1. Mind listing whichever residues of the stretch B:126-143 are under 23 Å from the mean Cα position of the chain (by Cα), part of a loop (DSSP other than H, G, I, E, B) and not acidic (D, E)?
2. Considering every residue within the stretch A:190-203, establish whether at least one is assigned by TED's automatic domain parsing to the domain that holds A:R255, open to solvent by 10 Å² or more (accessible area, probe 1.4 Å), at pLDDT 95 or above and within 30 Å of A:K307 (Cβ to Cβ).
3. Going through the stretch A:11-26 one residue at a time, which ones are in contact (Cβ under 8 Å) with a residue 12 or more places away in the chain and assigned to a helix (DSSP H, G or I)?
4. Over 30 Å from A:E244 (Cα atoms), part of a loop (DSSP other than H, G, I, E, B) and either in contact with a Ser or Thr (Cβ under 7 Å, 6 or more places away or on another chain) or more than 9 Å from chain B (Cβ to nearest Cβ) (or both), is that true of A:P152?
5. Considering only the stretch A:298-329, state which residues are surrounded by 13 or more Cβ atoms within 10 Å (Cβ to Cβ) and of a type in the set (K, R).
6. Name the one entry in A:H267, A:H291 that is assigned by TED's automatic domain parsing to the domain that holds A:Y202, out of contact with any helix residue (DSSP H, G or I) (no Cβ under 7 Å at 6 or more places or on another chain) and of a type outside the set (D, E, K, R).
7. Which ones in the stretch A:229-243 are within 11 Å of A:A162 (Cα to Cα) and open to solvent by less than 10 Å² (accessible area, probe 1.4 Å)?
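The values are calculated or read from the model by the stated rules, or taken from the named source; none is laboratory data. Given the structure is predicted, the values throughout are model-derived calculations rather than measurements. Cβ atoms come from the backbone with ideal geometry, glycine included; neighbour counts cover every protein chain shown. SASA here: full protein model, heavy atoms, side chains in, ligands and nucleic acids out. Shrake-Rupley method; radii C 1.70, N 1.55, O 1.52, S 1.80 Å.
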2 protein chains.
Amino acid sequence: MYDNIILLAHGAGGKKSAELLRAVFLRHLGNPALALLGDAAILTGIEGRLAFTTDAFVVAPLFFPGGDIGKLSICGTVNDLTAAGARPVALSAAFIIEEGLDIGTLEEVVISMRAAADEVGVSVVAGDTKVVPRGAADRLFITTAGLGIIPPDSTPPAPERAAPGDAVIVSGALADHGMAVMIQREGLRFSGTIHSDCAPLYHMIAAVRAVVPEIHAMRDPTRGGLAAVLHELAEQAGVAIEVEEQAIPVHADVRTACELLGIDPLHVANEGKMVLIVPTAHADAALDALHHHPLGREAARIGQVHKAPAGRVHLRTPFGALRILDLPSGDLLPRIC
Amino acid sequence: MYDNIILLAHGAGGKKSAELLRAVFLRHLGNPALALLGDAAILTGIEGRLAFTTDAFVVAPLFFPGGDIGKLSICGTVNDLTAAGARPVALSAAFIIEEGLDIGTLEEVVISMRAAADEVGVSVVAGDTKVVPRGAADRLFITTAGLGIIPPDSTPPAPERAAPGDAVIVSGALADHGMAVMIQREGLRFSGTIHSDCAPLYHMIAAVRAVVPEIHAMRDPTRGGLAAVLHELAEQAGVAIEVEEQAIPVHADVRTACELLGIDPLHVANEGKMVLIVPTAHADAALDALHHHPLGREAARIGQVHKAPAGRVHLRTPFGALRILDLPSGDLLPRIC
């Protein structure tokens, strides 16, 4: 029905494009909206406040322990909608494919997208495929966009709502994703395998929201890691944030790998973690809800929001010293997501 | 404030990313939703049926007579929403940038996106930027997604509504975009310059909708050109379509270029044209509305929908012969959009 590698013709809008669409995309992502193949998907019954987001994924290699670019592209956008306080309702996916990619590889990625989307009960309703000549892209890039509904009776989390006294919670151990990809890419050998934490967090956060009336702020610590997220929150809310180094969960093997490579785990990308800022009165309830969810078992309260100095993030070391937690300078880990 | 070329650090989520975001993206695309810089933009006051679409843009070269990848990325998504019968309300844009791209080039592209979006009165409310090492992408790819509202009292156009007897209208001359890009890319010399037709069509189609109660089907003939669109419509509606070769507008210089290069202009991508299928009773009113709009001055009625043979597209030649209009085989023109 089609050759086993992607050709330029697969992206040209003609017969080959139609074949690829049916054989791979509709076959694995198919749903009533996508099957219509119009210029746009039509969504009905959507009312109220919407969340709208997009993310490009350029991770290399395409497959890594714990995930692949397909799973990542769904989780990333689902988690952004989740962080905005929304329930994901529709996703789009655009593929930029290098000529010569094995169609079986593409299919594996698309199957993985479907599995991640199914986990959340959301569909890819719109898509696009472009093929570029060999050398013009590195195998496969995926850009997803997502649409979510913010429940009508809720105040969505927002960075500026982080308030002095609030507790800072992280939903699990940090740096798994970035280190898993980096180790895979560089062909490094460590004892054991570090798995990416790549996961869609909507249901985990829904469980927290069911028991915690207000989450002041929420962010998923992807590129730039926990450090970047705390900085953004501190800056946008005009508050200081202090975290306890010892309270921040990092798996032992990840910590070892970070130490060997001279990388701060707080600067490394996560793809299945959430940072929550909640009123202290609700911190225990939030932690409890997280601990009861499979993706939140290692959740921990790691710090507190303070009034001043505004925009500053402090790390309290195991020896009690307070040091400034820097924003990552950022040229360490390209193509981690 | 920033170096004059894109570095890997600009995509890493740290200080450089924040600088680029402010210096280029917020500066030129800034609007209240985007300025919040959350994980997702929050949109309020949206109700009813939504149209949701996405497109990846990989055109080479980035700049061509009549447009650039930025303008293209906005027009493509606006036109898809328009074709779905929607009013564009929000766009997202994700940038995949090759390390080493001149920041001035990126800025020029972003300015051009803003201009095209302003023409329609729509904003880019969500975005993402990834930087890949030299050689992993060709300069710049942009993926946009778009959200539109379908007016509550309207029946949106749909391919399957194309009915026997309907008139086929094209909003202007064909093949300008594809030929402009191809000539620019290959460094070919023709007398005069062929300009891309790249334009956002929302207002033009709104003018038609104001006077024509029902547009049965609508498609913008991008990749694969008019031939691909007519095939899709004929297949999805289970009808035959017959078009008159002589009635199809193609600029003389474009026709000459196509002949010299052995390319069928009906297979070439357009980025500022719409194909409309309307009840014959409304064909004159639709044409009249198009002719009064600057982007529709060369609109023409080019054919008719027939009952059978289902899925077949016929071209009547100037000599009265009827030949099958083939779907483009599709490996002619990569990276045209």
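1. Passing the criteria: only B:R139.
2. So far as the stretch A:190-203 goes, no, none of its residues is assigned by TED's automatic domain parsing to the domain that holds A:R255, open to solvent by 10 Å² or more (accessible area, probe 1.4 Å), at pLDDT 95 or above and within 30 Å of A:K307 (Cβ to Cβ).
3. A:G11, A:K16, A:S17, A:E19, A:L20, A:L21, A:A23, A:V24, A:F25
4. yes
5. The answer is A:R301, A:R312, A:R316.
6. Result of the check over A:H267, A:H291: A:H291.
7. If the condition is that a residue be within 11 Å of A:A162 (Cα to Cα) and open to solvent by less than 10 Å² (accessible area, probe 1.4 Å), then A:L230, A:L233, A:A234, A:V239, A:A240, A:I241 are the ones that fit.
Every residue, every condition in (1) assigned to a loop (DSSP other than H, G, I, E, B); (2) touching a His at 6+ places or on another chain (Cβ under 9 Å); (3) polar (S, T, N, Q); (4) not assigned by TED's automatic domain parsing to the domain that holds A:T77, yes or no:
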{"position": "A:R209", "(1), (2), (3), (4)": "no, no, no, yes"}
{"position": "A:I215", "(1), (2), (3), (4)": "yes, yes, no, yes"}
{"position": "A:M218", "(1), (2), (3), (4)": "no, no, no, yes"}
{"position": "A:R223", "(1), (2), (3), (4)": "yes, no, no, yes"}
{"position": "A:A228", "(1), (2), (3), (4)": "no, yes, no, yes"}
{"position": "A:H231", "(1), (2), (3), (4)": "no, no, no, yes"}
{"position": "A:V254", "(1), (2), (3), (4)": "no, no, no, yes"}
{"position": "A:A257", "(1), (2), (3), (4)": "no, no, no, yes"}
